[in-house]
Amino acid sequence: MDALRSNLWKAMLAIPLAALASLAQEQSGSQSTSSDRPIDTRIAPAQNKNNAQDQDADVQRSSRDSSSSLAGAEEFSLGPAIQRRSFWQPLFSVTSTVDTNPLTATTTQTRDVTTWSSAYAGIDVNRISRRSDLTLSYLGGGLISNDGTAKNSVVQQFGMGEKLVWGRSTFSLFDVVNQLPETSFGFSLPGSSVRLPGGQGLSLEPVFTPNQSILTTRGQRVGNASVLELDRALTSKSSLTFIGGYSLLRFLDNTGFLDYSEATAQAGYDRQVTRHNSVAVLYRFSELRFSGTVQPIDAHTAQLSLGRRDGRFAFRMAGGPGVSFFQTASSAGSTTPTSSSRQVYWTLDTSMTYQTGHTLFGLAYDRSLSGGAGILPGAITDQVSGSFNSEFSKALIGGMSAGYARNKGLNSPLTPASTQLYNYWFGRVNLSHPWGRWTTLDLSYQVQFQDSNGNFCIGATCGTNFVRHTGSIGFNWRSRPIPIE
């Protein structure tokens, strides 16, 4: 297995180098049709919809095409926004939140309900040139517990995406790093104009990001996802895609959780069969490594992918078999692997986006091997999320989102799957009212629920299930795009 893994990594490194070498031999005048299409990382907060359409028309317009490959790392969507000018855009937000349970770890807490005050500031930068499209975004702030029953928290996120085009080839770099006080799946800042990870605007496919879909005790954690992608057009209708990715999850305040990292290599072939339909095949190899336990996992996945994109509707479905090989110790705390296991499973990654007028629907489902969200040393994760957003009128914008995640531990001597099962749901409703040209007043409500087949502790509450409610009111300001000369 070590020899196979070593040869695989050498092959994956050699293929992009060979492709890059071929780029130097191409004529400088040759251009791909994607050279004028900036990326849509969807890392940055969404635009406020109270601005007049014609005022921003010189900066941004919708595209009905997309340069992303069906076998690529980006989510399959209607298409990126085309920026016709480089610009930067600041934002600021203040909110107040009522929380029925702040997920604190202390057992001396005398009250269940607490309130939070928070403030955030950020900036988005889009730099467009003939062969390069660069997007940078940063959001930083914090939550302060008004009654002191919970620990104050820091929230930060930095995102970067760039595409470089040479002739028939496109080289892409993506990196998203965030520091959050709780699980990212279902976590959202109050206010519809601010988006954070966890199925609410993430640009990368779930397999390239650290999984955080188990609700845990409150505490600072850092997640990072880095991806390098090379797309090489063979003909006008076919291309090869090579991806190298690395992600990690680190817990800064809680030593009882499992830090882990994952390295991923993927290769695929994409073929456009009709104007709106395409098909792809891909192979993916992943390495999962955990701290505090001996259970290295090597996973192999093969998938067939089908996609359709016709302007208002985008659909992608990729499925196939997966097999994982892992070694385990005879007991927790042991540093020497004593047994090896193999588990075969099926994988599925599907998403749908539909836009009609000022209304956008989204639905996604993913089943794959994951890092276990810091609780399990490897898990088979089923994750589904859906969203609905609409501009009901010039004075009211609203939306709903919901998600469900099921994490089942791998059946190993160290963590028997029969006692390792977590089910987590969340639902969210938000309303936004324009207040001036560049500001909005936002209201939101969210409920979270989790259960398990065994006893677990979340904050000061122990049992087999957990429920949490939060309600927020926020004031958001976001300036008009400022051109960069």
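The values are calculated or read from the model by the stated rules, or taken from the named source; none is laboratory data. Source: prediction; values computed, not measured. Here Cβ is always computed from backbone atoms with ideal geometry, including for glycine, and neighbour counts include all displayed protein chains. Keep in mind that these areas ignore ligands, DNA and RNA; they rest on the heavy atoms of the full protein, side chains included. Shrake-Rupley method; radii C 1.70, N 1.55, O 1.52, S 1.80 Å.
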How many residues does segment 264-290 contain that are of a type in the set (S, T, Y) and touching a Phe, Trp or Tyr at 6+ places or on another chain (Cβ under 7 Å)? 1
Would you be able to say whether some residue in segment 143-155 is modelled with pLDDT of 90 or more and either among the charged types (D, E, K, R) or within 21 Å of S385 (Cβ to Cβ) (or both)? yes
In segment 274-295, which residues are farther than 24 Å from S77 by Cβ and either acidic (D, E) or out of contact with any strand residue (DSSP E or B) (no Cβ under 6 Å at 6 or more places or on another chain) (or both)? E287, S291, G292, T293, V294
Can you name the residue in segment 99-118 that is surrounded by 15 or more Cβ atoms within 10 Å (Cβ to Cβ) and either modelled with pLDDT of 90 or more or basic (K, R) (or both) and is also farthest from T170 (Cα to Cα) among such residues? T115
Residue check for S278: of a type in the set (S, T, Y) and open to solvent by 10 Å² or more (accessible area, probe 1.4 Å): yes
Looking at segment 237-272, which of the residues that are without any contact (Cβ under 8 Å) to a residue 24 or more places away in the chain and outside any strand (DSSP E or B) is least open to solvent (accessible area, probe 1.4 Å)? G256
Taking segment 254-290, which residues are polar (S, T, N, Q) and in contact with a Ser or Thr (Cβ under 9 Å, 6 or more places away or on another chain)? N254, S261, T264, Q266, Q272, S278, S286
Segment 157-176: number of residues that are farther than 23 Å from A71 by Cα and open to solvent by 40 Å² or more (accessible area, probe 1.4 Å): 1
Would segment 289-305 turn up any residue that is open to solvent by 20 Å² or more (accessible area, probe 1.4 Å), in contact with a Lys or Arg (Cβ under 6 Å, 6 or more places away or on another chain) and at pLDDT 90 or above? no
